[in-house]
Amino acid sequence: MTMDRLLTVQEVAERLGTGVRFPRRLIEERRITFVKVGRHVRIPESAVRAFVAANTVEPVTLRPLALRGAA
């Protein structure tokens, strides 16, 4: 069994393109998996991937106007 790389809050913020307050809020609200290493908080890479996958919104494809039918 291989262990995920543990990322700092700063590294997670950089990967998500946000400030450090956002991953800290995710941790505080227990919306992302994290690991406490002594007094340090680390987030597994797989948790970041899972968070992004769970919050990805797929685009909606609309039918052309002519095919929708008259209402």
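A few comments on the model shown:
- Listed by position, the helices (runs of 4 or more DSSP H) inside the stretch 6-71 whose residues that are among the small types (Gly, Ala, Ser) and surrounded by 10 or more Cβ atoms within 10 Å (Cβ to Cβ) number at least 1 are 9-16, 45-54.
- Among residues of the stretch 15-65 being closer than 29 Å to Thr2 by Cβ and among the basic types (Lys, Arg), the one that is nearest to the chain's Cα centre (by Cα) is Arg49.
Any read-out appearing in this document is the output of simple, stated calculations on the displayed coordinates, not a laboratory observation. This structure is a prediction, so every number in the text was calculated from the model and none was measured. Note that we place each Cβ from the backbone using ideal geometry, even for glycine, and neighbour counts take in every protein chain shown.
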